[in-house]
Amino acid sequence: MARMYQSKIVKVSGTIAAVLILGVIAFAIVVKTPEVASVQTTLAVAMPPALASRTLPAKVGEGAFDTPFFTATEEPLTLANFKGRGLVVNFWATWCLPCVREMPSLDRLAKVLKGSGIEVVAISEDRKALEKVPPFFADRGIKNLDLYFDVRGALSRQLGADGLPTTVLITPDGEILGRVMGALEWDSQEIEGYLRKSLAPERVPEK
């Protein structure tokens, strides 16, 4: 009889031990995995505080990458034309004071990123942009940004630009990292470093 009880006790103890082990494993899966994922996600999307504080999630309309905007010669382009390049797409206007304030830093950023595979694409939301932007660029010594303009906010609406300035960060694979609302010093060391790590392609495509 004693041996039978001992046998039952051993079986019960073994069952309890097995349950406890499974519980520990389950706890590790439920608790630890998200922690690891969270760390990995944080490392993947870590932004300088000045940038993170102004960045909202992506907001993309259907057909956004095929929505045309225009060059200084009125040639239509789409974001698809920049495939394989990282993009800093800035929506701005000459009448927007925060836009005017940040434009020199975007110009400097465009200069230091030349050859990196990252393009700074500043798209004017001005009416009669072809009349207003060239003298604006000339007066402020903007030399590294090409003239692009949006017609009736078609592209800016597709990319969730709820105000000006809005800057959209796009990877070479077409992933939108977020919408940056408001003006920044874009050529600060921290922001430039982040853009190089997040947006630069493995190989710089030929234009």
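Odds and ends about this structure:
- Filter pass, Ile123 being modelled with pLDDT under 95, more than 15 Å from the chain's Cα centre (by Cα) and surrounded by 10 or more Cβ atoms within 10 Å (Cβ to Cβ): no
- Across the stretch 176-207, the number of residues qualifying as in contact with a strand residue (DSSP E or B) (Cβ under 8 Å, 6 or more places away or on another chain) and of a type in the set (S, T, N, Q) comes to 1.
- Among the residues of the stretch 111-155, those that are of a type in the set (Gly, Ala, Ser) and in contact with a Lys or Arg (Cβ under 7 Å, 6 or more places away or on another chain) comprise Ser116, Gly117.
- Applying the condition of being touching a residue at least 60 places away in the same chain (Cβ under 8 Å) and hydroxyl-bearing (Ser, Thr, Tyr) to the stretch 98-126 and asking which residue is farthest from Gly182 (Cα to Cα) yields Ser116.
- Filter result for Leu113 (out of contact with any strand residue (DSSP E or B) (no Cβ under 6 Å at 6 or more places or on another chain) and not charged (D, E, K, R)): yes
- Among the candidates Lys83, Lys128, Lys111, residue that is in contact with a Pro (Cβ under 9 Å, 6 or more places away or on another chain) and among the charged types (D, E, K, R): Lys83
- Among the residues making up the stretch 62-104, a single one is β-branched (Val, Ile, Thr), exposed (fewer than 15 other Cβ atoms within 10 Å of the Cβ) and touching a strand residue (DSSP E or B) at 6+ places or on another chain (Cβ under 9 Å): Thr71.
- Among the residues of the stretch 58-98, those that are polar (S, T, N, Q) and in contact with a Leu (Cβ under 8 Å, 6 or more places away or on another chain) comprise Thr67, Thr71, Asn90.
- Leading residue by the ranking (surrounded by the most Cβ atoms within 10 Å (Cβ to Cβ)) among those in the stretch 161-190 that are over 17 Å from Glu119 (Cα atoms) and acidic (Asp, Glu): Glu190
- Where helices (runs of 4 or more DSSP H) sit wholly within the stretch 127-207, those with at least 1 residues that are in the same structural domain as Gly115 (by TED's automatic domain parsing), over 22 Å from the mean Cα position of the chain (by Cα) and in contact (Cβ under 8 Å) with a residue 24 or more places away in the chain occupy 129-140.
The values are calculated or read from the model by the stated rules, or taken from the named source; none is laboratory data. These numbers were taken from a predicted model, which means no experiment stands behind them. A quick note on method: Cβ atoms are made from the backbone with ideal geometry, for glycine too, and the neighbour counts reach across all protein chains shown.
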